[in-house]
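> Dumping the structure here so I can ask a few things about it.
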Amino acid sequence: MKTQVAIVGAGPAGLLLGHLLRAEGIACVVIERQSGEYVLSRIRAGVLEQGTVGLMERLGLDARMKVEGLPHGGFNLADGERLIRIDVAALTGQSVMVYGQTELTRDLMDAAPARGLEVIYQAGDVALHDVAGNAPFVTFARQGRDHRIDARIVVGCDGFHGPSRQAIPANVGRVFERVYPFGWLGILADVPPCNHELIYANHERGFALASMRSATRSRYYIDVPLTERIEDWSDDRVWDELAVRLGPDAAAQITRGPALEKSIAPLRSFVFEPMRHGSLLLCGDAAHIVPPTGAKGLNLAASDVHYAAQALVAFFRDGDADAVAGYSAKALARVWKSERFSWALTKLMHRFPEDGPFERRMQRAELDYIASSEAAQRSIAENYVGLPL
Ligand code: RFL
Ligand code: PHB
């Protein structure tokens, strides 16, 4: 089989890119290791930046989001004593959209057949070949047969553990990484949220986040040491801990219910440079990871894809090879700013094992400053809604 662009991975990055390329008449195929059902079962991001929403609008795939998504004009930082509301709408004139990654992925998946976007699910042993040159190809096995797709460009949208990043020789790439000494234990339940906006809390006992998927579905997180096992966290134990960390006002509004999903995700900051090697481009978690504190992971995947689509349209339509060559620098400039914001908010809102009373006072002083300064709030707000594409 021959195509213009072979996309590895049908998560949000791969599907979004496939749709953007098809909308410009560029031939592409998406190759995914898992089944579509499995991809949809992963509970992940919940907050979309304006830019991500804008891409769905541009594709005309925003109808369900407009009905079911919840626009939020603010969010809250709590420290056990007070709630600092960041009035994102007043400070930036923009809002974020609470709409689950599962729903966004479903919208992209459902629209694929009608838009002529071919997605090959359950592809085993996916491997990238000759990406340094001008005739790369991808091989995989499916239903007992070996397949090969020849392309002009390969885009790796295969997440942190996928094979695309590994296809770049070690002497070409450079890794920047910070692994955090805790993970987030998340719980999803069909109960109304405790607050109409998100609450990020830094409590003496640790971090907590109250989020949601809809008016009847809540998503909560607490941070736990990496040594914790999910089997040791009964639903009641999670609810008890949330009630303490979120503080008495929020606790009074918490409705408890059985967990639909409960898991622990490690926290990591990671950037791989460059995001292009020869005919291979990397997008999303394949190239970088942020801790979830800033709600940036999916949104960064979307901005990468936006830049990649722009470059590929210029390349295939106008023969502009410089556009592809410039992709990495353009994407990385935005990636590093989101890395910084996610890291800074993680530092502000979590208790690190190595921290002593001085670091605690620094956190408190920074929260005091944020509470009292519109300039500080504006800086947080413009990062939270997403820096311009
Ligand atoms: P994905 O979603 O990991 O998709 C990669 C796809 O590639 C497939 N794949 C392969 N396909 C073929 N061959 C192989 N060998 C393959 N290996 C892997 C995988 O099966 C998969 O389908 O990466 P993508 O598309 O780059 O999207 C990134 C986002 O998923 C991620 O950044 C976010 O979920 C991060 N994140 C959040 N982001 C936000 O913007 N806002 C949030 O509120 C937010 N909350 C979160 C999060 C991530 C979390 N976890 C669990 C990591 C909350 C959590 C708890
Ligand atoms: C979520 O709802 O899953 C969520 C919200 C905000 C974050 C991270 C995760 O910062």
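> Go through (1) within 14 Å of ligand 2 (Cβ to nearest atom); (2) open to solvent by 60 Å² or more (accessible area, probe 1.4 Å) for ARG237 and report which single condition fails.
Tallying (1) within 14 Å of ligand 2 (Cβ to nearest atom); (2) open to solvent by 60 Å² or more (accessible area, probe 1.4 Å), ARG237 fails exactly one: (1).
> What is the residue count in region 299-333 for residues that are hydroxyl-bearing (Ser, Thr, Tyr) and under 14 Å from LEU21 (Cα atoms)?
1
> Is it the case that ALA376 is without any contact (Cβ under 8 Å) to a residue 24 or more places away in the chain, surrounded by 13 or more Cβ atoms within 10 Å (Cβ to Cβ), among the aliphatic types (A, V, I, L, M) and under 22 Å from THR92 (Cβ atoms)?
yes
> Among GLY46, GLY74, which is the only one that is closer than 16 Å to ALA210 by Cα and within 9 Å of ligand 1 (Cβ to nearest atom)?
GLY46
> Which of the residues that make up region 203-219 are within 21 Å of PRO181 (Cβ to Cβ) and within 14 Å of ligand 1 (Cβ to nearest atom)?
Of everything in region 203-219, those that are within 21 Å of PRO181 (Cβ to Cβ) and within 14 Å of ligand 1 (Cβ to nearest atom) turn out to be PHE207, ALA208, LEU209.
> Looking at region 49-64, which of its residues are closer than 22 Å to SER211 by Cα and open to solvent by 60 Å² or more (accessible area, probe 1.4 Å)?
Matches in region 49-64: GLN50, ARG64.
> Which of the residues spanning region 270-294 are more than 8 Å from ligand 1 (Cβ to nearest atom), of a type outside the set (Phe, Trp, Tyr), open to solvent by less than 30 Å² (accessible area, probe 1.4 Å) and not in a helix (DSSP H, G or I)?
Correct list: VAL271, MET275, GLY278, SER279, LEU280, LEU281, LEU282, ALA287, HIS288, PRO291.
> Now a separate question. Restricting to strands (runs of 3 or more DSSP E) lying wholly in region 107-189: which have 3 or more residues that are open to solvent by less than 40 Å² (accessible area, probe 1.4 Å), within 26 Å of ILE264 (Cβ to Cβ) and within 16 Å of ligand 2 (Cβ to nearest atom)?
174-189
Condition check ((1) more than 19 Å from VAL179 (Cβ to Cβ); (2) within 16 Å of ligand 2 (Cβ to nearest atom)) across all residues:
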| residue | (1), (2) |
| --- | --- |
| ALA302 | yes, yes |
| GLN310 | yes, no |
| ARG340 | no, yes |
| TRP343 | no, yes |
| LYS347 | no, yes |
| GLU354 | no, no |
| ALA375 | yes, no |
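The values are calculated or read from the model by the stated rules, or taken from the named source; none is laboratory data. These figures come from a predicted structure and were not determined experimentally. All Cβ positions, even for glycine, are placed from backbone atoms using ideal geometry, and neighbour counts span all protein chains on display. In case anyone asks, the SASA skips ligands and DNA or RNA and just uses the protein heavy atoms, side chains included. Shrake-Rupley method; radii C 1.70, N 1.55, O 1.52, S 1.80 Å.
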